[in-house]
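Q: Below you will find the structure I want to go over with you.
Bear in mind these aren't lab numbers, they're just calculated from the coordinates by the rules spelled out. It should be emphasised that the depicted structure is a prediction, and the values quoted were computed from it without experimental measurement.
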Amino acid sequence: MSKFLDYVNDMLLVESVIDSVEGDELNETYEVLCEAMKYLRTFILGFQSDLHYRVNTIGWILVGVVPSVSYIIIWLHALGNKTSIGGFEKGDFILYFFFGTLSWYIIGGNFGYQLGDGIKNGDLNKYLLKPINATLHYFIGEQAWKATALIFTTPFFAACIAFFWQDIHLE
């Protein structure tokens, strides 16, 4: 029943957009929406899979938070009682490592390894026979786990920023 309701919701979304389009653009708009719905489903399935395997999510949280906090502690220790090193103050080091980690969640990734494993193990064949771009499928799957990890990592980053807030000076 749940799959049926999901299908109905998807079709209502597609129909509402199609109703706003007229003339020759109708077929093109429908094709674009159907293509987008395939990849949205891929993202949702990846997101659900990542929520299902919680131990992996905890591991990725640790991979995201521990290095950033470790680097901050090391640089703050290196800074000691000095106000700056090379023109960079405590807040600059803190923000650099936090934003570096957050930007990795947004633009970083290594879905090429998964694609390579799919080729090596023969798992890529199931995507080649379907009307889906295999590379885009692996890329979107990667974005799903990064979104999951980012959602769970954000409270830790917020707590760390609150802890280091007195050192951060935004101008």
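Q: Could you state, as a whole-number percent, how many of the C-alpha pairs of region 20-149 are farther apart than 17 Å?
A: Result for the distance tail: 71 percent.
Q: If you build the Cα gyration tensor of region 71-123 and take the root of 5 times each eigenvalue, what three semi-axes come out, in whole angstrom, biggest first?
A: Ellipsoid half-lengths, sorted descending, are 39, 11, 7 Å.
Q: For region 77-157, what is Rg from Cα atoms divided by 2.2 N^0.38 Å, rounded to two decimals?
A: 1.66
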